[in-house]
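Enquirer: Pasting a structure below so you can have a look.
Throughout, read-outs are computed from the coordinates displayed, never taken from laboratory work. Quick caveat, the model's predicted, so the values are computed rather than measured. For neighbour counting, all protein chains shown are included, and Cβ atoms are generated from backbone atoms with ideal geometry for every residue, glycine included.
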Amino acid sequence: MTIYKILCEVKWLHEYYCTLEKGETIFEKAAQQDRMNFLFDRFVKDLPSIHEDLEFVAHSTNNTFPDHYVRVLPAYAGFKLAVQCRKEKLMDGTIVYRPFVNLPNELCLRIMVRPKKNISRYSAEISPGPLQPLWYFSSNDLTAARTFPFLTAPIPAFVNTQSYVQSELALHAGIAKSFLNNGAIDPWLTLPGTQYINTNDALLLPLTFVYTFNELDNITNASFILKDSTSTIVQQLDLASPKPMQNVTVDFHTNKEIVKAISYQAVTPDQLYKLEVTGSGGYSKTFNNLLFAHDAIEPASCIGVIDLVIKPANASFDLLDASGYLFTRISPGGIKQPAPIFELWMKSKSAYWQYSNNRQKKFKLTPATTDLLNDNSGVLVSKNPVPMSYTPVKLKKPDNSFQLLPNPDPDMEVRRDGNKITLNMQVPQSNLFPLV
């Protein structure tokens with residue numbers, strides 16, 4: 001008898017959907033089981049999760065899935081992979097499951113991440129750059145070493161000379177921190193854990209893409225040199241314009257498909273590329289470990305891909321045991337062992353809460369708000385940015401007590417006041433918000 005069993009599960013844990021009323025987040029749970037319990041509690045309360053905004057699918061032309069009897073199943077905050085199996089019993093009485101069709105060690109199950117809504121509206125900021133790559137998440141170590149159960153690359157180390165945007169992440173001596181942009185001597189907030197989605201995960205480009213020069217760079221001549229993993233030049237495009245270039249379309253399509261773009265097979269070392277861009281006035285930038293998406297997977301329809309390899313370099317991410325059985329099984333005592341769960345952690349965008357009077361009057365601070373808000377000429381602004389969340393949150397005071405202030409609507413759009421990101425709320429006069 002053949003049946004379908006769960007090969008593995010992936011959870012996309014976004015702070016926006018995984019925050020409690022006192023600001024506690026799922027990331028503060030050190031054990032994976034505690035994080036899964038956190039999710040289950042949200043699920044039984046019928047609270048939304050990232051599956052409201054993203055869908056996880058196998059591309060319709062990817063025969064890897066039907067050929068190996070693998071299905072993608074929607075799940076709360078992510079998805080599951082199910083595979084057709086035969087049930088067997090070991091000598092000790094353990095019930096195990098063997099895939100109906102052999103799953104080769106190098107087999108890659110590539111999941112397309114397609115947007116239903118724009119999650120960048122409430123996701124942590126990334127410094128604007130010349131490229132806008134798609135996300136690439138993997139259980140393999142080819143582009144960067146992975147730490148189980150996370151499918152993300154390490155967060156980039158803090159660079160003292162770099163400018164950061166509000167809520168951007170950087171690693172400080174091994175500690176993940178978020179940039180508060182509050183003008184303090186130390187404007188960084190320490191985060192629980194270190195394995196968040198970050199700029200090192202954004203490395204998948206379509207073969208035709210847009211490269212953006214800053215208008216202040218005054219670029220009239222530019223060269224785009226693409227090198228393979230051996231530093232051999234694969235393609236070079238030289239562009240010139242009588243006027244400064246800004247948004248330049250770069251096309252690496254060729255009749256013979258010189259660029260080894262990824263489609264359905266596992267990524268190999270010869271598919272990693274380096275892009276060197278030089279231009280007038282000494283302009284020079286280099287982008288390492290880039291991947292290119294084949295047109296067949298329709299990169300324009302997704303925001304990223306997730307690669308799950310049957311036997312990757314790190315055995316912690318194996319999808320089958322040494323005997324070729326699924327990890328999910330039933331012990332002789334009837335205890336069910338679940339399939340492995342992989343995780344993606346995503347931080348929310350942090351925004352300053354700003355309160356103005358709905359009749360254009362001026363507010364003043366009160367004992368309840370003086371520790372939390374600053375008075376900006378009658379407009380009250382939070383002292384620090386607050387991570388965006390679906391659940392209304394209370395703000396923590398220095399004495400560890402909590403104060404509930406009006407929360408922004410979950411669908412409110414942020415505003416940018418210079419380099420600060422704000423959520424602007426108009427509220428009436430009240431005991432909490434008295435007039436001057």
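Enquirer: Show the residues, 5+ positions off or on another chain, whose built amide H is closer than 5 Å to the amide H of residue 234.
Expert: Amide H to amide H, under 5 Å and 5 or more residues apart or across chains, residue 234 pairs with 226, 227, 228.
Enquirer: Using each residue's phi in the stretch 407-417, evaluate 6.51 cos²θ - 1.76 cosθ + 1.60 at θ = phi - 60° and report the 3J(HN,Hα) Karplus result to the nearest Hz, with x for Gly and Pro.
Expert: My calculation for the stretch 407-417 gives 9, x, 4, x, 9, 5, 8, 6, 10, 10, 9 Hz in order.
Enquirer: Where the convex hull is taken over the Cα atoms of the chain, what is its projected area averaged over directions, in nm²? Before the final figure, lay out the partial values.
Expert: On the way: hull surface 104.5 nm².
Computing the convex hull of the Cα atoms and averaging its projections yields 26.1 nm².
Enquirer: Once you have a ≥ b ≥ c as the square roots of the Cα gyration tensor eigenvalues for the stretch 206-289, tell me rounded if a/c is under 1.5, and otherwise prolate or oblate according to whether a/b is larger than b/c. Mind showing how you got there, number by number?
Expert: Values: a/c = 2.38, a/b = 1.99, b/c = 1.19.
Note, shape of the stretch 206-289 comes out prolate.
Enquirer: Hey, another quick one. What's the ranking of 201-212, 356-367, 270-281 by average number of surrounding C-beta atoms within 10 Å, highest first? The partial results should precede the final answer.
Expert: Values: 201-212: 19.8, 356-367: 13.8, 270-281: 17.2.
Descending packing order for the listed peptides: 201-212, 270-281, 356-367.
Enquirer: By how many nm would the segment from residue 247 to residue 232 lengthen if fully extended, with 0.36 nm per residue of separation less the alpha-carbon distance? Numbers along the way, then the final one.
Expert: Working: separation 15, 0.36 × 15 = 5.40 nm, distance 2.68 nm.
Between residue 247 and residue 232, full extension yields 2.7 nm more.
Enquirer: Per residue of the chain, what 222 nm ellipticity follows from adding -39500 (n - 2.57) for every DSSP H run with n ≥ 4, rounded to the nearest 500?
Expert: -1000 deg cm²/dmol, from helical runs alone.
Enquirer: Please give the residues of the stretch 385-424, grouped as numeric ranges, whose backbone N is less than 16 Å from a label point set 7 Å along the Cα-to-Cβ vector of residue 184.
Expert: 385-387, 395-401
Enquirer: Next question. Label point 7 Å out from residue 336 along Cα-to-Cβ: which residues of the stretch 1-21 have amide N under 11 Å?
Expert: Within reach of a label on residue 336: 6.
Enquirer: When the chain is fully extended, how far beyond the present Cα-Cα distance does residue 175 get from residue 221, taking 0.36 nm per residue of separation? Each step should come with its number before you reach the end.
Expert: Numbers: separation 46, 0.36 × 46 = 16.56 nm, distance 4.09 nm.
Net length gain for the segment: 12.5 nm.
Enquirer: Calculate, in nm to one decimal, what residue 24 and residue 402 gain on full extension: separation in residues at 0.36 nm each, minus their alpha carbon distance. Mind dumping the intermediate values first?
Expert: Details: separation 378, 0.36 × 378 = 136.08 nm, distance 1.22 nm.
Additional length available on full extension: 134.9 nm.
Enquirer: Sticking with this one: Can you give the local net charge around residue 339? Use residues other than it whose beta-carbon is closer than 13 angstrom to its beta-carbon, Lys and Arg +1, Asp and Glu -1.
Expert: On the way: positive: 5, 11, 80, 329, 336; negative: 9, 318, 321.
Within the 13 Å Cβ shell, the charges total +2.
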